[in-house]
1. What spacing in nm lies between the two simple spin-label points modelled at Ala62 and Val45, each 7 Å away from Cα in the Cβ direction?
2. Measure off, as a whole percent, the carbon and sulfur share of the 1.4 Å-probe accessible area of the chain, all protein chains present.
3. Near the amide H of Leu54, under 5 Å away, which other amide H atoms are found, from residues 5 or more places off or on another chain, if H is placed in the peptide plane?
4. Give me the Kirkwood hydrodynamic radius of the stretch 113-152, using the inverse of the mean 1/r over all pairs of distinct Cα atoms, in Å to one decimal.
5. Relative to 2.2 N^0.38 Å, what does the C-alpha radius of gyration of the chain come to as a ratio? Two decimals please.
6. If you roll a 1.4 Å probe over the heavy atoms of the protein chains, what accessible area per residue do you get for the chain, in Å²?
7. Enumerate the calculated ³J(HN,Hα) couplings along the stretch 146-154 in order (Karplus 6.51 cos²θ - 1.76 cosθ + 1.60, θ = phi - 60°), each rounded to whole Hz, writing x wherever the residue is Gly or Pro.
8. Where in the stretch 67-103 does the amide nitrogen come within less than 11 Å of the point 7 Å from the Cα of Leu12, taken along Cα to Cβ?
Amino acid sequence: MSGIDAGQLKHLVVAPALAALGLDGDVAVNLVTGTALAESRGTYVRQIGGGPALGLWQMEPATHDDCWVNFLCYPAGKRFERILEGMLSQDLPRSAQLVSNLRYASAMARIRYYRTPVSLPSSSDPAVLSRFHKQYYNTAAGAADPVANIPFFRQAVMV
């Protein structure tokens, strides 16, 4: 299976979603696009092996819900809450939309990065983005390999 076209994902989904949030820029768009490629190969919308992660960004429902409960409903997140609500369809629960709503799922991945205690990297160097992904999105206990994932972030930068 070949998956979604990385260039279309980056330019037609991720970039507009992040621009809507006001959290765009080359580094952010490359990081979020690379995250989808590293997490799911841009192919799988349900975690292989039966885990809880959903969508191209493989966000767990608990992580998704934590963004809503512990950030988006507070003053620092309110401006994003309104925008994210506008991205939602009305016929599915929010976390279920991580599978079928690419715009929303990419925006939630960016919110996850926004909540990290550090700023985004200052460059779109693929190795730097891969390490940042490992540390702040996948976590130390996660399966992501920051060296093996460099090609996915390189692809994200190049398309």
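1. Rounded to a tenth, the inter-label distance reads 2.5 nm.
2. Working: 4150 of 7630 Å².
About 54 percent, which is the carbon plus sulfur part of the accessible surface.
3. Amide H neighbours of Leu54, under 5 Å, 5+ apart: Met59, Glu60.
4. Numbers: mean 1/r = 0.0966 Å⁻¹.
That comes to 10.3 Å for the stretch 113-152.
5. Numbers: Rg = 14.2 Å, N = 159, 2.2 N^0.38 = 15.1 Å.
Normalised Cα radius of gyration, the chain: 0.94.
6. Details: 7630 Å² over 159 residues.
Here the residues of the chain average 48 Å² of exposed surface.
7. x, 7, 5, 8, 3, x, 5, 6, 4
8. The answer is none.
The values are calculated or read from the model by the stated rules, or taken from the named source; none is laboratory data. Please read these numbers as outputs of a predicted model, since none were measured by experiment. Note: ideal-geometry Cβ built from the backbone for every residue, glycine included; neighbour counts use all protein chains shown. Surface areas here come from the heavy atoms of the whole protein model, side chains and all, with no ligands, DNA or RNA. Shrake-Rupley method; radii C 1.70, N 1.55, O 1.52, S 1.80 Å.
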